Structure formats: C-alpha cells, structure tokens
Amino acid sequence: MSSTDPCPEDHARAVLRRRGVAVEAVLLAPDRAHAAGLRALRRAGGRIVAAPTRPDLVVDGIVGISARGALRPEAADLVAGISAPIVAADTPSGVDVRTGVVHGPAVAAAVTVAFGALKPVHALAPAHCGRVELIDIGLTLDAGELRAYADADVAARWPVPGPGDDKYSLGVLGVVAGGDAYPGAAVLATGAAIRATSGMVRYAGTARAAVLAAWPEAVASDGVADAGRVQAWAAGPGMGVDGAAADRLARVLDQDLPTVLDADALTLLAEHPGLLAGRTAPTVLTPHAGEFARLVGPVGNDRIAAVREAARELDATVLLKGHVTVIAAPDGTAVADTAGSAWAATPGSGDVLTGIVGKLLGSGLAPLDAAACAARVHGLAAARAADGAPTHAAAISAAVPGVLRDVLRG
C-alpha cells in the first residue's frame, strides 16, 4: 500500500517480485504515485489492484515520515480489513513520528524497517512498530535528538568492584523512605539499592525495624543528621508529606549531595518548590504522570518536549515513568528507555527504581547515566520477574542481580 512517498516500498515490491513473490500494489493516491517505482514494479511483473486479495504479507507505505494525524477514511478502511502481518516502511502510517501519539486509525505493524536511523516513534510507540529493524543506507548522520541505552551502554557504565575496592569506594547511599503507614516502601528502596551494587546503604528513615528485619546489612540511624557520611541520597517513597517529612527532606537537600526524589518527596517539592533553590549537586526526579502534573503541569501528547522543558525549568534530570520511560537532563539531552515492561506497573515498583538510581548516583555516575541505566535494568528485571504473568515489586527487585549478571557478561 502506498501513496505519496513510495520509493523504498516500491523498490521492495520490485525486489520481491524478481524473487518470485506475487506482488500487488494498492495506490491510495494514484495521481501522486512515484512513476519510476511503478515502472520498476510493472517490469518485474507486479500488479496494480484496487484492493489486496488475501495477502500473506503487507508492506505499509501509506504515508512518509513527514505526515501527521490519523489515517484517512479510505486508508483506515483498507487497513482494518487486513489480517496478514504488516511490515511498515520506516514508520507505521498514522502514528506521529516525533511523539509516538496515535490520534485515530493507524497501522499496527509486526515489523518496522527503519531506514538510515531510528526515529522517536520507534521507541515511543512499540505497540504499533512491532520489532524494529534498522537498515544502513549509507547516510552520515549527526547524533540523534533522542538516545536509547542498550545493554552494552549499561555494562560500560555500571560500577563493578575491582581488587582495590571496599564497601565505601563503590558508593554510600543514604535512604529516607517509609514510615508507620508504608514501611514496605523503605524495605523495597533499601533492598534495591543493596542489590544494585556492592557499596554501603545507610537507612535514615522512620521504618528502621522493618528495614533491618529484611536487610540486616543496611546501616540504620535515627535520622538524616545522624546518618554518617553518605555520597548520595534517595528520598521519598512512603516517607509521608507532613511537617516532619518536609523537615527530613529539607535536611537531605541541604547537604547538596547527588539526590533522587520520588513519590512523597515529589509531592512535598510541588508544595515547597524552594527546596531545590541553591543546590549545585545533581538532582534526579522520578515522577509518574500525576506527580509530573503537580510539579510542572500536564504531560500532554509530546512526552519528550514536556520532560525536556521540566528538566530545564527545575534544573534537574527528570525521569517520567511509563510504559516507555523518558528521561531528560537540563541541557536537553533526552533518553527513551526501550526495555520497559508493562508488568512494571505494580505497587512498589517505583520504590525499587528509586533505590537503583540512588545507588548509581552514590557510585559516581552522572545523573542522566544513573537514571537511564537504572531504568533499563529495572525494565529488564520486571520482564524477567513477570515471565508473561503478573508480578510484584519484591520479585522485580530480586531479579536485578540476575539481569546485571547477564548485562555485564554481555
């Protein structure tokens, strides 16, 4: 199927026909069809038809990468009647290339063949792109506007102990999480941090008994002021939003160490935006869409633009959680996590992510690297813990060491 941008798909049809495959082409805009491509198709024995006749495979070339909006009615009706697998040429038609947003009828491809470079849609709309295959067509490209971390990128950055390391040199993380209402949040955040690297974790919240019962290797104190030397902080999950919690958060941020904030800490930050004033150390914020809205306003359709603007406005690295997690640094550098799993959408999962991000900050990773590496490992751990069935946050945390073993071994 093609309309106004048919060069790659017309070439594909001609090649398939020369290999003995019966090929039919449906022209949705015959007056704008690519003449040379049609001549090549006809010379190879392909046919132009009004509608496909029970195809085994369909190549989608309805619109090009500059198109916007949903499929038009004629194209939508044609796509709706297809039961065969669809291979999208470059991007699936009807899906916004820049934002991955689907406003109406669109192609859901089994495979998308990307030419020359990956586009934002390939990370942001996995349900419509299917498996993405990148084809080198000889282009020389500048660095893309949206990055993604593969396993090799994580392995190159993840802190691994060497012969000269000890429990301090891999980073000491302070955790302020949990309380009488949500002691489990403290257990999950602390446990994930312990599982993420070999360094020390100091717990400085109000769920000390629960944390030490689950993680006797954690070092617990009576509060932030008594925690001892730490190199980064993770604060927020289940800590509460009352005055005492606000005071603990202020004490954490006043230390001006690398810090990740989640959950209740984000609620407090929305109420007291001055808490970040004067900080020079990196701050990572990990909101879901509701927390993001309280901080800076609704996400809207363009998640990348929204996260970039929030990072610039807050002068912090912002990790917007979702099926596709999007991360941006204050300088506009953006990352989309391609390892996301829908099974990660379970209570306490964000507490696990907070612990991992915090531990990487404590180990000295730059905030964008810490957030992106943590998001990928967290997504892979969620998929492994679920194995195609519902899972829970503790199981996601437990899967982290196995995921790291595989990632680090390459």
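Within the range 297-314, can you find the residues that are open to solvent by 50 Å² or more (accessible area, probe 1.4 Å) and over 15 Å from the mean Cα position of the chain (by Cα)? Selection gives P298, G300, N301, E309, R312, E313.
Against the test of being under 17 Å from R376 (Cβ atoms), surrounded by fewer than 20 Cβ atoms within 10 Å (Cβ to Cβ) and of a type in the set (S, T, N, Q), the options T317, T333 yield a single qualifying residue, T333.
Taking the criterion of being under 21 Å from the mean Cα position of the chain (by Cα), of a type in the set (V, I, T) and assigned to a loop (DSSP other than H, G, I, E, B), the only residue of the range 100-150 that qualifies is V101. When we screen T346, T354 for residues that are surrounded by fewer than 21 Cβ atoms within 10 Å (Cβ to Cβ), more than 19 Å from P120 (Cβ to Cβ) and either out of contact with any Cys (no Cβ under 8 Å at 6 or more places or on another chain) or among the aromatic types (F, W, Y) (or both), the only hit is T346. Test G162 against the criterion of being open to solvent by less than 60 Å² (accessible area, probe 1.4 Å) and more than 26 Å from the chain's Cα centre (by Cα), and give yes or no. So G162 fits the description; yes. Scanning the range 60-96 for residues that are of a type in the set (D, E, K, R), open to solvent by 30 Å² or more (accessible area, probe 1.4 Å) and within 15 Å of A114 (Cα to Cα) yields a total of 0. Looking at the range 36-59 only, could you name the residues that are under 22 Å from T112 (Cβ atoms) and either at pLDDT below 85 or not hydrophobic (A, V, I, L, M, F, W, C) (or both)? Of everything in the range 36-59, those that are under 22 Å from T112 (Cβ atoms) and either at pLDDT below 85 or not hydrophobic (A, V, I, L, M, F, W, C) (or both) turn out to be G37, L41, P52, P55, D56. The residue that is farthest from G240 (Cα to Cα), counting only those in the range 173-190 that are surrounded by fewer than 24 Cβ atoms within 10 Å (Cβ to Cβ) and among the small types (G, A, S), is G184.
The values are calculated or read from the model by the stated rules, or taken from the named source; none is laboratory data. Everything quoted here is computed from the prediction, not taken from an experiment. So basically every Cβ, Gly included, is an ideal-geometry build from the backbone, and we count neighbours across all protein chains shown. Side chains are part of the model used for accessible areas, which takes the heavy atoms of the whole protein and leaves out ligands, DNA and RNA. Shrake-Rupley method; radii C 1.70, N 1.55, O 1.52, S 1.80 Å.
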